[in-house]
Amino acid sequence: MSHRDQNGNIAYFSTIARNISERKQFEAELQHQATHDVLTGLANRVLLAEQLQTEMNRSQRRNSVTAVVFLDMDNFKRVNDSLGHGIGDQLLQQVSVRLGRHIRPNDILARYGGDEFVIVASDLENADAITAILDKLNRAFEHPVHVARQDIFVSFSAGIAVYPDDGGDADTLLRNADSAMYQSKADGGRAFRFYAPAMNERQQRLLAMESELHRALVRNEFVVYYQPQAELASGQVTGAEALIRWRHPQRGLVPPDEFIPLLEETGLINEVGLWVLRRACLDMTTYTQTHGLCPRVSVNLSARQFASGELVQQVAQVLEETGFPPDRLELEITEQILISDLQASKAILGALHDMGVSVAIDDFGTGYCSLAYLKRLPLHVLKVDRTFVAGLPADHNDLAIVEAIILLAHKLDLQVVAEGVETLGQLETLRSLGCDMVQGYYLGKPAPLQALAETGALAH
Ligand SMILES: [Mg+2]
């Protein structure tokens, strides 16, 4: 505001700071109201469209997938009609809070209108990755929502459209997710449908399998099989690799490649991996008590377990609980796991080494391991990948590679285990090349613990 002197000229200007900040706050409030839903505080459809477009642009740059999940509550009208709008509003608020708690930190949650919500999940590696998010949402609403002293079970009809496959702009993607949602509503609700028909069958199968995997651990459906490893010098079986199997009540034994990727994706691998480690140590302790010999047992680690920050402490705890000798435990990791964070790997391997546990590099020769790492890290065993063993003895390239790996390993004081040994010819070649140990069908398939004792020695 301007202040004038007696002659009417402007003498000075004054502003009242409070007024400005109040106005700014008011403008911010207006802006917030224009872009957010009053009842739930979530983004409204205006902000959603804007944020979705941003995510799609980012997806395009990063070559990743963005999924739009359109959710419509199945029973909202009934709640509203029977319990009144007040309760209906409270329910919507509670549902929005629960949804918000079960999405990933950077996912977008918006109220689209009425009882419709939209989740935007971006930066997905592929369309399958949405499974884990859907499963989490399913699980989140297994328990009722408590509103006005009532327990209300909430379920959704959901439709999913994926960028870039199902639409190139925000409007199209939302429309397609919406039409997929109508499809799942038409099928009776409480279901997810993808816009692309091909995705549905596959995703239904993955989703079903995922909830079964959650139960498998509780229901004791996982088993550990052991594949014997023999020392070539003595011909004796001295160890075994622990391999997880899933004994599904209806489908029988499920091959590992059908469920391990899902365990990885959902993070269940941490829990299941720890279970395998404990089971293997317990089994081998039992074996030692009955047979007098303590075999070396190799347990595979996943990238997630290795990066969890809890591995060293978990291994120590399992060894203490089971009384299994650390120098009989070997952990198998792949080259990729090792080099993804070299500093961290070095610390973990060092701690395991100090504990007396050995570490093997699995599938050696298939990754990008620099020889320098082998020298710098406390490793103990190299497992030659089966693809090289398969060509022995005839394939000259494979022969040269296996020979070089064995020479290199021995120079670095590492033991060599050849995997996938299926014939006497392969075995003899490996023996002549100075390989330390073999594993493969020639010696024995992965089998339950009892079979390990029956595995005979190798003939000389
Ligand atoms: Mg392995």
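The values are calculated or read from the model by the stated rules, or taken from the named source; none is laboratory data. Since the model is a prediction, treat every value here as computed from it, not as a measurement. Every residue, glycine as well, gets a Cβ built from its backbone with ideal geometry; the counts of neighbours run over all protein chains shown. Keep in mind that these areas ignore ligands, DNA and RNA; they rest on the heavy atoms of the full protein, side chains included. Shrake-Rupley method; radii C 1.70, N 1.55, O 1.52, S 1.80 Å.
How large a share of the accessible area of the chain, in percent, is made up of carbon and sulfur atoms when the probe is 1.4 Å and the other protein chains stay in place? The value for the chain is 50 percent carbon and sulfur by accessible area.
Given R₀ = 22 Å, FRET efficiency for Ile339-Ala394 by Cβ-Cβ distance, to 0.05?
Details: r = 32 Å, r/R0 = 1.47.
Using R0 = 22 Å, I get an efficiency of 0.10.
In the full protein context, the range 202-256 carries 44 Å² of accessible surface per residue, based on a 1.4 Å probe and ignoring ligands, DNA and RNA. Considering helices alone, the calculated mean residue ellipticity of the chain at 222 nm is -15500 deg cm²/dmol, with DSSP H runs of length four and up weighted by -39500 (n - 2.57) and normalised per residue.
For the pair Arg61 and Ala233, what calculated FRET efficiency results from E = 1/(1 + (r/R0)^6), where r is the Cβ-Cβ distance and R0 = 56 Å, to the nearest 0.05?
With a Förster radius of 56 Å, E is 0.50.
Listed values for the range 293-308 are Karplus-derived 3J(HN,Hα) couplings in whole Hz (6.51 cos²θ - 1.76 cosθ + 1.60, θ = phi - 60°), namely 10, 9, x, 7, 10, 9, 10, 7, 10, 8, 4, 5, 4, 5, 8, 5, and x replaces Gly and Pro. For the range 261-389, the solvent-accessible area with a 1.4 angstrom probe is 43 square angstrom per residue.
Taking 0.36 nm per residue of separation and subtracting the Cα-Cα distance, full extension of the segment from Glu27 to His143 would add 37.7 nm. Just going by the charge dipole of the chain, with Lys and Arg at +1 and Asp and Glu at -1 on Cβ, which of Trp246, Ala170, Asn200 is farthest out on the positive end? Toward the positive end, the furthest listed residue is Ala170. Comparing Cα centroids, the range 258-326 and the range 69-135 end up 38 angstrom apart. Does anything in the range 202-223 have its amide N under 12 Å from the 7 Å Cα→Cβ label point of Gln250, and if so which residues? Answer for this model: 205, 208-209, 212.
The calculated FRET efficiency for Tyr442 paired with Ala186, based on their beta-carbon distance and R0 = 60 Å, is about 0.60. Computed extension gain for Ile87 through Ala316, at 0.36 nm per residue and net of the alpha carbon distance, reaches 77.3 nm.
Each Cα pair under 8 Å and six or more residues apart adds its sequence gap; the mean of these over the residue count of the chain is a relative contact order of 11 percent. Near the amide H of His36, within less than 5 Å, lie the amide hydrogens of Asn44, all on another chain or at least 5 residues away, with H placed in the peptide plane.
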